[in-house]
Amino acid sequence: MQSEERLTRVRTIADYQFGKGSGKELFPEGATFQLSRTKRVRQVFHSGKRITTARAKDGFFTLSMKGAAVLHGHLPGKRLRVVVCEDAAPFVAKGKTAFAKHVVSLDPELRAGDEVLVTDENDRLLATGQLLLSPEEVLALEGGPAVDVRVGIESKKAE
């Protein structure tokens with residue numbers, strides 16, 4: 001498979017996963033790929049920085065902070081966002097779990113298992129991770145984890 005074909009494929013997956021037009025934003029011309037032994041795309045890089053990693057179980061992408069920042073600037077309004085209160089913001093930015101009781105609002109279109117952008121109430125990007133519950137459950141529950149944060153803007157894993 002040629003590089004152009006791979007680029008088209010990862011853009012299509014990103015458009016499906018994150019919304020129309022996200023693929024072109026996340027993966028500009030010149031994106032490079034790290035492949036698995038079976039020649040599947042494992043990671044996508046641009047300018048030497050990792051943008052996404054493909055999950056082995058379903059082929060969907062997990063975001064690096066660079067990828068999250070690109071989507072944060074591209075997506076309108078509250079799309080793919082989980083908003084946490086100001087008290088929880090410093091912890092989430094360090095890569096700690098976002099708990100349901102700290103969530104102020106979230107995109108009602110989200111589903112459990114989706115990759116999300118975690119922001120504060122001023123829409124400042126704090127972290128990226130995986131939503132563990134449905135939006136209704138997050139808003140109804142008083143405790144328990146809501147977002148399994150992969151990486152925060154202030155965590156050691158941030159690239």
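Key figures
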| read-out | value |
| --- | --- |
| Test for residue 24: is it open to solvent by 60 Å² or more (accessible area, probe 1.4 Å), farther than 22 Å from residue 107 by Cα, in contact with a helix residue (DSSP H, G or I) (Cβ under 8 Å, 6 or more places away or on another chain) and without any contact (Cβ under 8 Å) to a residue 60 or more places away in the chain | yes |
| Residue identified as among the polar types (S, T, N, Q), within 23 Å of residue 152 (Cα to Cα) and open to solvent by 20 Å² or more (accessible area, probe 1.4 Å) among 34, 43, 2 | 43 |
| Out of 112, 140, sole residue that is of a type outside the set (Asp, Glu), more than 21 Å from residue 93 (Cβ to Cβ) and touching a Ser or Thr at 6+ places or on another chain (Cβ under 6 Å) | 112 |
| Residue list for segment 92-131, restricted to those being hydrophobic (A, V, I, L, M, F, W, C), outside any strand (DSSP E or B) and buried (at least 16 other Cβ atoms within 10 Å of the Cβ) | 92, 93, 100, 110 |
| The listed residue being among the hydrophobic types (A, V, I, L, M, F, W, C) and within 26 Å of residue 134 (Cα to Cα), out of 60, 33, 45 | 60 |
| Residue match in segment 63-84 (condition: part of a loop (DSSP other than H, G, I, E, B) and either touching a Lys or Arg at 6+ places or on another chain (Cβ under 7 Å) or of a type in the set (S, T, N, Q) (or both)) | yes |
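Per-residue answers, yes or no, for (1) at pLDDT 95 or above; (2) more than 20 Å from residue 68 (Cβ to Cβ); (3) part of a helix (DSSP H, G or I):
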| residue | (1), (2), (3) |
| --- | --- |
| 1 | no, yes, no |
| 4 | no, yes, yes |
| 8 | no, yes, yes |
| 20 | no, no, no |
| 25 | no, no, yes |
| 34 | no, no, no |
| 38 | no, yes, no |
| 45 | no, no, no |
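The values are calculated or read from the model by the stated rules, or taken from the named source; none is laboratory data. Because the structure is predicted, anything quoted here is derived from the model rather than measured. Cβ: placed from backbone, ideal geometry, glycine included. Neighbour counts: every protein chain shown. Remember, those area values only see protein heavy atoms, side chains included, never the ligands or the DNA or RNA. Shrake-Rupley method; radii C 1.70, N 1.55, O 1.52, S 1.80 Å.
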